[in-house]
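A.B. asks: Handing you a structure now.
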Amino acid sequence: MDKITIEKIRSEFPILNEKIYDKPLIYFDNGATTQKPQCVLDRIIYGYEHLNANIHRGVHFLSQRATEAHENARKTVGDFLGTDKREEIIFTRGTTEAINLVAFSFGEAFCNEGDEIVVSVMEHHSNIVPWQMLCERKKMTLRVIPMNEKGELDMDIYKSLLNERTRIVSVTHVSNVLGTINPVKQIIEIAHAQNIPVLIDGAQAVPHIAVDVKELDVDFYVFSGHKIYAPTGIGALYGKEKWLNAIPPYQGGGEMIATVRFEKTTYNELPFKFEAGTPDYIGSTALAEAVRYVQEIGIENIAAYEHELTVYATKRIQEIENVRIIGQADEKSAVVSFLVGEIHPYDIGMLLDRLGIAVRTGHHCAQPLIDSIGIPGTVRASFSLYNTKEEIDVFIEALKRVVMMLS
Ligand code: PLP
């Protein structure tokens, strides 16, 4: 993308005008959450001003308008992920809730004592803990795919972990710490050869690379809206219809029922069976707006531009003496994690903040990964379509100053 396009994009994100300690904000914490363009902010206000009424149950005009907007949003998200079946899209609060839903409901239907679940060493806690809870509940075992020094999964060991006791494989598409883009298509093919379904955590993939659930033939795919320019509190689970029909509801309440009698309750059809309670229809419509925003720019254009930024940042960061980049996979997304000598990541993050630069430090909710590398954590700069090479230049100069102060 050229300079003019980037300037236009930047002008669409009001928060980029903020001053932090009197310095222009440089926001490199996009892996944690992204900023919101004006069209998404407007859509939230529009929702409350023009279509706020509880959905699905109402016969009145406003309720029907809100219902239509929510269901259109489902279609937009489905199209974006590559399914034309709207019942395969379940709105959730985000990635975490979506994984908990699958771990619980799939676990109830298909898992028994002695069974196994396969995850990888580079998972976010939200793709570890729900499976551990299932393992505890059902007396099962969690198996872990290790990685090599570059931060790529060991596919031979992965194959060797699968057996007749494996019930599901759940791995991240892109690591939030290393930036590694995992070979998910291959991971899915290998599991499917043994009739094992696969969940892919797309939290760090959907904002950055094209995803097509049908092409991947994935069984479950999850992501969070707030990482792709939408508000917090909304995200989605894609699930193959056959699986969603085969597993029980996750939560009980309004919306998810067909009939309720004290003797017996029957459940609603898909997707409503998994959406108990009043859905976040303001959030879903704002998510659809964010998706349209991304589609207008083009996810391929975003991917190419962010790749350029990542390559540039990776090159420039190596000017810093004693720098160690954590995660050097051949296929990488818009993340550069690093350490400098013995300096604690937290100290670097604190001082960069005083210079107006937002990076994340610590274990990034991936403690087992950080422990496996034997480091205290990392400093993570993660980029988005509104970042620039000029910002990276300012960041590098600031980092040099910070390192000098801390050495
Ligand atoms: N999975 C990955 C790879 C992530 O990076 C994150 C958040 O950083 C999550 C899951 C959890 O997302 P959320 O907190 O939005 O549910």
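A.B. asks: Could you look through the stretch 352-372, keep only residues that are of a type in the set (Gly, Ala, Ser) and more than 14 Å from the ligand (Cβ to nearest atom), and pick out the one that is surrounded by the fewest Cβ atoms within 10 Å (Cβ to Cβ)?
C.D. replies: By that ranking, first place goes to 372.
A.B. asks: Restricting to the stretch 336-350, count the residues that are open to solvent by 10 Å² or more (accessible area, probe 1.4 Å) and within 20 Å of the chain's Cα centre (by Cα).
C.D. replies: Qualifying residue count for the region: 0.
A.B. asks: Given 189, 152, which one is open to solvent by 40 Å² or more (accessible area, probe 1.4 Å) and out of contact with any Ser or Thr (no Cβ under 7 Å at 6 or more places or on another chain)?
C.D. replies: Every option except 189 fails the conditions.
A.B. asks: So which pairs qualify, if the first residue must be in the stretch 373-396 and in contact (Cβ under 8 Å) with a residue 60 or more places away in the chain and open to solvent by less than 40 Å² (accessible area, probe 1.4 Å), the second must be part of a strand (DSSP E or B) and polar (S, T, N, Q), the Cβ gap must be under 7 Å, and the two must be at least 6 apart or on different chains?
C.D. replies: Qualifying pairs under 7 Å: 378/337; 380/337.
A.B. asks: Would you confirm whether or not the stretch 264-283 contains a residue that is in contact with a Ser or Thr (Cβ under 6 Å, 6 or more places away or on another chain) and in contact (Cβ under 8 Å) with a residue 60 or more places away in the chain?
C.D. replies: No; the residues of the stretch 264-283 include none that is in contact with a Ser or Thr (Cβ under 6 Å, 6 or more places away or on another chain) and in contact (Cβ under 8 Å) with a residue 60 or more places away in the chain.
A.B. asks: Quick check on this structure: which one of 93, 57 is more than 25 Å from residue 294 (Cα to Cα), of a type in the set (D, E, K, R) and open to solvent by 70 Å² or more (accessible area, probe 1.4 Å)? Give the derivation first.
C.D. replies: Working: 93 fails: more than 25 Å from residue 294 (Cα to Cα).
Going through 93, 57 in turn, just one is more than 25 Å from residue 294 (Cα to Cα), of a type in the set (D, E, K, R) and open to solvent by 70 Å² or more (accessible area, probe 1.4 Å): 57.
A.B. asks: Same structure, new question: Answer yes or no as to whether residue 300 is under 20 Å from residue 5 (Cα atoms) and either in contact with a Cys (Cβ under 7 Å, 6 or more places away or on another chain) or of a type in the set (Gly, Ala, Ser) (or both).
C.D. replies: no
A.B. asks: Please go through the stretch 31-53 and give me each residue that is in contact with a Pro (Cβ under 8 Å, 6 or more places away or on another chain) and part of a loop (DSSP other than H, G, I, E, B), ordered by number.
C.D. replies: To start, the set of residues in the stretch 31-53 that are in contact with a Pro (Cβ under 8 Å, 6 or more places away or on another chain) comprises 34, 36, 38, 40-41, 44.
Within the stretch 31-53, 34, 36 meet the criteria.
A.B. asks: How many residues, within the stretch 96-116, are within 16 Å of the ligand (Cβ to nearest atom) and open to solvent by less than 10 Å² (accessible area, probe 1.4 Å)?
C.D. replies: 5
A.B. asks: If you scan the stretch 199-253, which residues turn out to be over 26 Å from residue 108 (Cα atoms), among the small types (Gly, Ala, Ser) and open to solvent by 10 Å² or more (accessible area, probe 1.4 Å)?
C.D. replies: Result: 210, single match.
The values are calculated or read from the model by the stated rules, or taken from the named source; none is laboratory data. If you're wondering where the values come from, they're calculated on a predicted model, not measured in any experiment. We place every Cβ from the backbone using ideal geometry, glycine too, and count neighbours over all the protein chains shown. To get the accessible areas, we keep the full protein, side chains included, count just its heavy atoms, and leave off ligands, DNA and RNA. Shrake-Rupley method; radii C 1.70, N 1.55, O 1.52, S 1.80 Å.
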